[in-house]
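Step one of this worksheet: look at the structure below.
Here, each number is a calculation from the coordinates, and none is a lab measurement. Remember, predicted model here, so these are calculated numbers, not experimental data. Positions of Cβ are generated from backbone atoms using ideal geometry, with glycine treated the same way; all protein chains shown enter the neighbour counts.
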């Protein structure tokens, strides 16, 4: 397992998080339709598939299942299973980091859109299809985010050609559904974490409650 590409992909997955907050901050200004909101918006849209790209990390684990089946035969079950556990844990952490980055990068923009009364139910499907298309172009055609700036016409042509293929459309729609379900689970987890953190913070600042009166004292007062 090579660490350098993993760390690089995790860095790229985290880039959309500050871009999302920057985009929301720019759009909150009164002159949002006049200012340079399009610049963080463009970077946010272009880099957002990098977060979702990590959610496909489980495919490396599935590709290595055959090798581990051979290892079961050669080295024995216990030894091979011990080697498999760290790979499973790393794959789970890698994929979870992708979903977490996708949620954290999208939440500030989603919150602002909700405040403006945008039809989020109508925009959710196209949003995940767009992100899934970016992931698919990276997986199949090996395009990177900066390819859109360096050779935009090539990326657009390949994307148009992909959408014309029935197989490509099916993969993108399936990937969009997978991203949507994973996003929902990660979003619920983030809400629970924030609620628990607020509860902990409120408990620290709250005055200690008086201990309950002893049972004998309660009976005498009664």
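List of remarks:
- Efficiency of FRET from Cβ geometry, residue 144 and residue 123, R₀ 25 Å, rounded to 0.05: 0.45
- Residue-span extension gain [residue 29 to residue 8] - 0.36 nm each, minus C-alpha spacing: 4.2 nm
- Spin-label model, residue 85/residue 191: points 7 Å from Cα along the beta carbon direction are separated by 3.5 nm.
- Backbone N atoms of region 178-194 closer than 13 Å to the 7 Å Cα→Cβ label point of residue 58 belong to residues 178-183, 185-186.
- Estimated at 0.36 nm per residue, the fully extended path between residue 130 and residue 154 surpasses their Cα-Cα distance by 6.9 nm.
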